[in-house]
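First the structure, in the form of structure tokens, and then the observations on it.
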Amino acid sequence: MTVRLTRTSHGTLPESAGIEIDDNGRATGWQTSGNRVGRFARDLTAQEQVALDRALTSARDADAPAAPDPNAPKPPSGATEQLIADELPGVVLDDLATPPPGFKKLVRLLLSLRDDLVDSPLAAIELAVDGPPFRAELRHVGSEPVRVRIGTLTVLATLFKRNSAIEDSKTYTVDASEVEGPLWPGWTLPLVDELGIDTPRKGRFLTVSVGTPEVDALGDGVLRSVEFSWMTE
């Protein structure tokens, strides 16, 4: 049974993320925002396959969920999750919606696997931040090429206080308009050698974002605007 969970956000910069698992237990995923952007893939473990089979059985035995109202107003921003699987009715959830009875285990498992897949890049670009002193670069991760059009990038580094108020912020512009076409393993693009932000003290945290290059993140030949983000743990 093939099963797919796709997240689509709408707003200023639409974002997409998804996971698909085929009959052979091969999981593939993609995302257009985050620390890594692009495609990811690995085989499910035996334990994960058993959990998936049980979750699918539970969903198959459940009552069909109510169809979403096509006339319901759509908020100016937000996201929806769409579940599609062989022999199952389609399920559409907004950010705050609870999965219908019988589908909760399946949705939670797919969400967990989708997050975990980011550690198994197939064809992706990563925002890497090292330090202190903090420096940032983009680099290819995975084994397959990624098609891009980089253009002019905006790098934003922000230091937050305990209450999430901004303590310091720096913005840099990087011209990488010459970078266009397929990128291969080993490719790197230095962005900023010194972000000029102090090391976060206890209770504080640093974020770095980079926007908005265009990347074939889904592997379908379409270049989409993406945004990279990174945060101290």
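Just so you know, all these numbers are worked out from the coordinates, no wet-lab data involved. All values derive from a computational prediction rather than experimental measurement. Virtual Cβ from ideal backbone geometry, glycine too; neighbours counted across all protein chains shown.
Structure values in brief
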quantity	calculated
Net lengthening on full extension, Met1/Thr57 (0.36 nm per residue, minus Cα-Cα)	19.1 nm
Relative contact order, percent, the chain [alpha-carbon distance under 8 Å, six or more residues apart]	21
In nm, spacing of pseudo-spin labels at Leu223 and Leu13 (7 Å Cα→C-beta vector)	1.6
Convex hull projection area averaged over all views, the range 124-231, Cα basis, nm²	7.0
Residue-averaged [θ]222 nm for the chain, counting only DSSP H segments that reach four residues, each worth -39500 (n - 2.57)	-4000 deg cm²/dmol
log10 of Debye I(q)/I(0), alpha-carbon scatterers only, for the chain at 0.10, 0.11 Å⁻¹	-0.55, -0.66
Bins of 5 Å, starting at 0 and running to the largest distance - Cα pair percent for the range 3-117	2, 11, 22, 23, 19, 14, 7, 2, 0
Built amide H within the under 5 Å cut-off of Asn35, gap 5+	Ser229
Relative contact order computed over the range 124-231 (Cα-Cα under 8 Å; 6+ residues apart), in percent	34
On Cα atoms only, tilt of 46-61 relative to the major axis of the chain in degrees	50
Helix 104-117 vs. the chain, principal-axis angle (Cα, 0 to 90°, nearest 10)	30
J(HN,Hα) series, the range 21-38, from Karplus relation 6.51 cos²θ - 1.76 cosθ + 1.60, nearest Hz, glycine and proline x	10, 8, 5, 8, x, 8, 9, 10, x, 7, 7, 10, 8, x, 5, 10, 10, x
